[in-house]
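Data block below; observations after.
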């Protein structure tokens, strides 16, 4: 298993940090969430599990996240999706399964649409497609909305770290260009969704909307009654590993 951080240089000269463990196909790529990084519990546990089975595994930091270049506040859904595509194109080899956590679910769906020849399956953990429009914008007060429009950003406290969330006008406006749930989502690949019913950040009902939008008939939703947003407890990781094993077996 690769331990040292590697770097992929983008066309703009900035570098994306990643870990890549080579192995047989299909490989697995982990797409993290909003303001998270590749050192999280799920990403590292998955790397150990998938690598032990002999399959390739890649985890990475979006620009402005973790060890990658760039400022978080300059990021948008489109830019981070481009980062994921750069990893797919420049680091991985052959067909891949994408595992998307929270915002990473939206990123994974966008990548699957953009690279149908590479993305052969999806595992989505508390997926948050369209979250900027469905969850963020409606929850802002009129004062917060006015601040975003006038000064270009607001800051909100985070429950997951010391640094505040910086929500920019660019993030909201870019998200509106990439909405997925307002029309049929033309993906005909297997999709596995895991969602906690006590998720206070991304309501599990959003996964029902995603299922309705997906054209694929091979979609399985697993609801975890006591599960929170992270789904990173020991039982959650075991469930995730089992889901990965099943999809790898069906696609190998």
| task | Sticking with the crude label model, points 7 Å out along Cα→Cβ, report the distance from residue 235 to residue 252 in nm, one decimal please. | result | 2.8 nm
| task | Once you have the Cα-Cα distance between residue 215 and residue 7, take 0.36 nm times their residue separation minus that, and quote the gain in nm to one decimal. | result | 71.3 nm
| message | Could you tell me what a quarter of the Cα convex hull surface of the range 84-161 works out to, in nm² with one decimal place? | response | 6.8 nm²
| request: Please work out whether the range 114-220 counts as rounded, prolate or oblate from its C-alpha gyration tensor, where a ≥ b ≥ c are the square roots of the eigenvalues and a/c under 1.5 means rounded, while otherwise a/b larger than b/c means prolate and anything else oblate? | output: prolate
| Got the relative contact order for the chain handy, in percent, Cα pairs under 8 Å and 6 or more residues apart? | 17 percent
| said: Under 10 Å, Cα contacts only: if you run a Gaussian network model on the chain, which one of 217, 76, 92 comes out with the highest mean-square fluctuation? | reply: 217
| the chain - mean residue ellipticity at 222 nm from DSSP helices (-39,500 (n - 2.57) per run, n ≥ 4, rounded to 500) | -10500 deg cm²/dmol
| task | Would you mind ranking 140, 131, 30 by Cβ crowding within 10 Å, fewest neighbours first? | result | 140, 131, 30
| note | In Å, the Kirkwood estimate of hydrodynamic radius for the chain over Cα pairs equals 18.2 Å
| Exposure proxy ranking, count of Cβ atoms within 10 Å, fewest first, for 31, 111 | 111, 31
| query | What angle, in degrees between 0 and 90 and rounded to the nearest 10, separates the Cα long axis of helix 41-52 from the longest principal axis of the Cα atoms of the chain? | reply | 20 degrees
| task | Take every DSSP beta bridge whose two residues both sit in the chain, then give the antiparallel share in percent to the nearest 5. | result | 30 percent
| field | Förster radius 30 Å - calculated FRET efficiency between residue 226 and residue 158 (Cβ-Cβ, nearest 0.05) | value | 0.85
| message | Which one, 183, 42, 15, has the greatest fluctuation when you compute a Gaussian network model over the chain with C-alpha springs under 10 angstrom? | response | 183
| field | Cα-based helix-to-principal-axis angle, 234-251 vs the chain, degrees rounded to 10 | value | 60 degrees
| So, in Å, what gap is there between the alpha-carbon centers of the range 18-69 and the range 114-137? | 17 Å
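Throughout, read-outs are computed from the coordinates displayed, never taken from laboratory work. These numbers come from a predicted model, not from an experiment. Cβ coordinates were reconstructed from backbone atoms using ideal geometry, including for glycine residues, and neighbour counts include every protein chain displayed.
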